[in-house]
Each structure stands twice: as C-alpha cells, then as structure tokens.
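Each remark here refers to the structure printed beneath this line.
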Amino acid sequence: MSGDKEIGAYLVLCSAVIFWGVSFVATKIALESIPTFTLILARFALAGCVFLILMVLRGFPRLTLKEHGRVILMALCEPGLYFAFETIGLQYTTAPMASLIIATIPVVVLILSALFLGERTRLAGIIGMGTSLGGIAILVTADPQFSWAVSSHLLGDLLILGAVLSAAFYIIFARSLGKKHSAMEFTGLQAIYGALLFVPAFLWELPTVQWAEISLRSVTALVFLTLFATIGAFLCYNYTLTKLPATRAAIFINGIPVVTALSAWVLIGESLTLVQGGGGAMVLVGVFVANIHGIRAVPQELNLSVS
C-alpha cells in the first residue's frame, strides 16, 4: 500500500477511535432513561435499517455461504458476546479493572493474528504495546476513585476477559473478510445480524421499559451512538482492517480510554488529574512506537517471531 493510502487508513482508524471513545460518555447519558438492552438493540437496529436502505440502493453484498457464516460469527463476537460479557461483567467488577483487562485486546490479537492470519510483529510493535499498556495502567490507577480491592471480583474479571477474546476474534474475522471484500459489504450485515442477536434480551427487558420517561437528552445520545459509534466507527475500523494488518489496527484500541477520559472531562465535567494526562500521553506514544516500522504480514507462516 502506498504511503498516502496508508496515512489515509490511519486517519480513518483515528476517527473510529474518537467515535468509540466519545461513545462511552454518550452511552452513560443514554442510559439515564433507556435500559441497557433496549439501548443496544435500538442502536444496532437503527444502524441496520440505514445499511439495509444502502443495500437496496447499491445492491446486496455478494458473499458466499461460508463468508456469510464468518459475518455471523463476527457479529456474534462483536457486538454480541462483547457487549453481553462487558455489560454483565461490569456488574461484578470495577470499571477501572475492566479497563485494564480490555487494554489487553492488542496482545490477544497479536497472538491470534500470528496463528490464523500469518502476521508477525516486530520488536517495535511489542515495545509499543507494552508502553501503551503501562500508560493505561497509569490512566486508570491515577483515578481518585480507583481501588485495588478487587479480590472478590473474579467472576466479573473473567467475564471481561470473555469480552477481550470476543473483540480479538471480531478483529481476526474482519481482517480475513477484508482481504476479499470492502468494509461496506460486511459491516452492514454485521449490524443487522448484531441487532437480531439482542432481540431476546430486549424482549426480556421490555416489561420494565418506561417509554414515557425517556428523555430528549437520552434520545440525542442514541442518535450519536447510531450514526457515529455504530455506523461510522464500525465502517471506519472495518475499512482499516481491509488495509492494515490486524495487530496494527488493534493497538489503536488502547487510545479509546484516552479519548473517553478527555471527552468525559470536557462534556460532563468528570475529573482528570495531571498523572492521568501523563498516562494518556504514554498510551499515545506506545501506539506511535508500535507503528513506526509497522507490522508486516507473512503469508503461510503460522509462527510468531520477533526481529
């Protein structure tokens, strides 16, 4: 890929990270009056409707039955299992600990991409990952409300680990599909299949929904989540996975907590300490270092080597 196209892919990737980072603040606002699974279903169902209209206008994706199976597995991983594990896991563990565990996604992707895609990481990539993980540890533990008392949260931690594995497999599936298809072709199906997966949870939650209590503030947040955090972010990230190796795209996920911390500070007045700012800067340095020399794909090689 030429330099200009690679720079373009990174800019698109940064857009996805910004959208997902702000989405945590938007989700917090939306949940003020919209129940969890109602919000998730509405978000992906509305996005699915938009993609369905585009498919009618542009033509339906030409995927084989096997490729449709991969899209279903991808949707099962993200948003399906990822949101389920994360939502339930946060009920049994702390948000800071969940953030630390989620930050290991690039490491899991590094291993899986070597096993299933034949991609290997250079030393700069591993150093960048380590720096990024360290930055997230500082960003999280410097929070005045952080506590190390997590011994009773084993179940929640394991559920969050399930979210990590789900996200990592989503990236692997998307990277595999992206070698033959455009992001538009499979992102729309991912949203539609993803919405269908949450119908049972929504029906279970339906009797408790107070429709008259849903505020305009929450609806506005839902619109943002649909247009930017779902349609925009997944299109951007899946597009990047058609252009860049999985590990290079995965390391950018660690930039999401930085965007979330900044947006929460700006939009809803949450505290942000100087030490947290330093941790956020460390995360960004790690992401940059991991992409200095790049991570190159090695077809047909299933071993992970460091040079």
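The values are calculated or read from the model by the stated rules, or taken from the named source; none is laboratory data. Source: prediction; values computed, not measured. Positions of Cβ are backbone-derived with ideal geometry, glycine not excepted, and every protein chain shown enters the neighbour counts.
Remarks
- Count of the stretch 197-214 residues, restricted to those that are out of contact with any helix residue (DSSP H, G or I) (no Cβ under 8 Å at 6 or more places or on another chain) and in a helix (DSSP H, G or I), is 7.
- If only residues of the stretch 189-220 that are under 18 Å from the mean Cα position of the chain (by Cα) and of a type in the set (Gly, Ala, Ser) are counted, the one that is nearest to Ala75 (Cα to Cα) is Gly194.
- Residue within the stretch 44-54 that is part of a helix (DSSP H, G or I), in contact (Cβ under 8 Å) with a residue 12 or more places away in the chain and under 23 Å from Val283 (Cα atoms) present: no
- Scanning the stretch 182-208 for residues that are surrounded by fewer than 23 Cβ atoms within 10 Å (Cβ to Cβ), in contact with a Ser or Thr (Cβ under 8 Å, 6 or more places away or on another chain) and under 20 Å from Arg58 (Cβ atoms) turns up Ser182, Ala183.
- Criterion: among the β-branched types (Val, Ile, Thr), in contact (Cβ under 8 Å) with a residue 12 or more places away in the chain and under 19 Å from Glu67 (Cα atoms) - qualifying residue of Thr242, Thr230, Thr247, Thr226: Thr242
- Any hit, the stretch 36-48, residues being on the phi < 0 side of the Ramachandran plot, basic (Lys, Arg) and surrounded by 19 or more Cβ atoms within 10 Å (Cβ to Cβ): yes
- Qualifying residue in the stretch 139-151 (condition: modelled with pLDDT of 85 or more, assigned to a helix (DSSP H, G or I) and in contact with a Gly (Cβ under 7 Å, 6 or more places away or on another chain)): no
- Top-ranked residue of the stretch 60-103 - restricted to ones that are out of contact with any Phe, Trp or Tyr (no Cβ under 9 Å at 6 or more places or on another chain) and small (Gly, Ala, Ser), ranked as surrounded by the fewest Cβ atoms within 10 Å (Cβ to Cβ): Gly69
- Residue among Ser99, Ser33 that alone is among the hydroxyl-bearing types (Ser, Thr, Tyr), more than 24 Å from Leu159 (Cα to Cα) and in contact with a helix residue (DSSP H, G or I) (Cβ under 8 Å, 6 or more places away or on another chain): Ser33
- Within the stretch 13-38, residues that are touching a residue at least 40 places away in the same chain (Cβ under 8 Å) reach partners that are assigned to a loop (DSSP other than H, G, I, E, B) and aromatic (Phe, Trp, Tyr) with beta carbons closer than 9 Å, at six or more positions or on different chains, in the pairs Phe37/Phe198.
- Scoring Thr93 on the criteria (1) touching a helix residue (DSSP H, G or I) at 6+ places or on another chain (Cβ under 9 Å); (2) of a type in the set (Val, Ile, Thr); (3) closer than 30 Å to Val283 by Cβ; (4) part of a helix (DSSP H, G or I) leaves a single failure, condition (4).
- Qualifying residue in the stretch 170-189 (condition: hydrophobic (A, V, I, L, M, F, W, C), closer than 16 Å to Val17 by Cα and part of a helix (DSSP H, G or I)): yes
- Of all residues in the stretch 11-43 being in a helix (DSSP H, G or I) and of a type in the set (D, E, K, R), the one that is nearest to His181 (Cα to Cα): Arg43
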